1. Any idea which of (1) among the aliphatic types (A, V, I, L, M); (2) farther than 27 Å from residue 130 by Cβ; (3) in contact with a Phe, Trp or Tyr (Cβ under 9 Å, 6 or more places away or on another chain) is the one residue 304 doesn't satisfy?
2. With the condition being hydroxyl-bearing (Ser, Thr, Tyr) and assigned by TED's automatic domain parsing to the domain that holds residue 163, I'd like the strands (runs of 3 or more DSSP E) fully within region 253-314 carrying at least 2 qualifying residues.
3. Quick one: how many residues across region 32-57 are closer than 21 Å to residue 85 by Cα and assigned to a loop (DSSP other than H, G, I, E, B)?
4. Here's a check for you: in region 15-31, which residue that is outside any loop (DSSP other than H, G, I, E, B) and of a type in the set (S, T, N, Q) is nearest to residue 73 (Cα to Cα)?
5. Residues 240, 264: which one is surrounded by fewer than 16 Cβ atoms within 10 Å (Cβ to Cβ) and at pLDDT below 95?
6. Scan region 83-102 residue by residue and report those that are surrounded by fewer than 19 Cβ atoms within 10 Å (Cβ to Cβ) and more than 20 Å from residue 21 (Cα to Cα).
7. Looking at region 267-290 only, could you name the residues that are under 12 Å from residue 184 (Cβ atoms) and either among the β-branched types (Val, Ile, Thr) or crowded, with 20+ Cβ neighbours inside 10 Å (or both)?
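The values are calculated or read from the model by the stated rules, or taken from the named source; none is laboratory data. Just so it is clear, the model here is predicted, and its values are computed rather than measured. Backbone-built Cβ (ideal geometry, glycine too); neighbour counts: all protein chains shown.
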Amino acid sequence: MPKPLSADLLAQRGLKLSHLRLMAALAESGQISLAAGQIGTTQPAASRLLAEVERIVGTPVHQRTGRGMSLTAVGQALAARAQRIQMELRDAARDMSEVASGSAGHVRIGSVTGPAIDRVLPTLRNARLTAPQVTVEVVVSPSDLLCEQLLAGRLDFVIGRLPEGPSRDLFTLAPIATEPVSLVVRKGHPLANHPNPTPQDLLAYDWVMPPPESLLSRAVHARLRASGMPSPPQRLSTASFLLIFALLQQSNAIAPLARAVVTSFSAHPDAPYVELAVDLGIEVETFGLVTRADAILPPVAARLAREIQNMVIV
């Protein structure tokens, strides 16, 4: 009794991709000469491949006809599978090409708040159209926490700043821009429609900011000191944007926030918040593309990183 065929047995007997390509071509053309042309070989070479297939399978896969040849039932079964394998290989090649070109894959991005709004979000919106096979996870947090996740391999790259301390040497920073700061209040605030609030006007109200050690608070206090202004009254410190905006809605507090955040929450005519018409020249230090010092980004991550870096902010 002949040994039942199996994938291992076919491989052991020498079934190769060239055999499968020939069978798929024979199913399409019905002629050995045409099939040979399709797979880029000569007719004698194709005939030898066909003979090898029949030796490996152990039964005829073709039969002569008056007008050429046709596949037997066994040949048709093998050819059908060969065509499917050809299709899968084409799909695999396309998938690998898309991954290599940066048009498919999964990317994990960390970002501080301002760039997350005016750089990461527009980049992802564009990627939905130009690279629909790309999926993205975004973590928004302070830079030191993001860099911890980057070092642990949970993020591909960070749009932020280097952490303090000796761990800075474990990262590479490609600078992008400084982060301007604006002042925001609720709609209906006494200063909301003021054309040019003075320092005295601003210091008449509580300011709500992150804790004193945060980059934003340090930048605010440093700029106010450089301008000869005292520190603003501040009865609440919080890093929670949700709490800051809730407090703004319920009081006359002023919040210094990244301009991208302020614009996002105040630009619409019906928005409940207003950006004050004053620029104190407050900027948080330069942020950039942070990667692990020894990292080579996957193509899809590198593509998104480049688009974030090169984005023109208007």
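1. Checking residue 304 against (1) among the aliphatic types (A, V, I, L, M); (2) farther than 27 Å from residue 130 by Cβ; (3) in contact with a Phe, Trp or Tyr (Cβ under 9 Å, 6 or more places away or on another chain), the one that fails is (2).
2. So the answer is 283-292.
3. Of the residues in region 32-57, 3 are closer than 21 Å to residue 85 by Cα and assigned to a loop (DSSP other than H, G, I, E, B).
4. 29
5. One residue alone meets the criteria, 240.
6. Within region 83-102, 95, 96, 97, 98, 99, 100, 101 meet the criteria.
7. Matches in region 267-290: 273, 274, 276, 278.
Table: residues versus (1) more than 30 Å from residue 133 (Cα to Cα); (2) of a type in the set (Ser, Thr, Tyr); (3) touching a residue at least 12 places away in the same chain (Cβ under 8 Å).
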{"position": "34", "(1), (2), (3)": "yes, no, no"}
{"position": "52", "(1), (2), (3)": "yes, no, yes"}
{"position": "62", "(1), (2), (3)": "yes, no, yes"}
{"position": "73", "(1), (2), (3)": "yes, no, no"}
{"position": "82", "(1), (2), (3)": "no, no, yes"}
{"position": "92", "(1), (2), (3)": "no, no, no"}
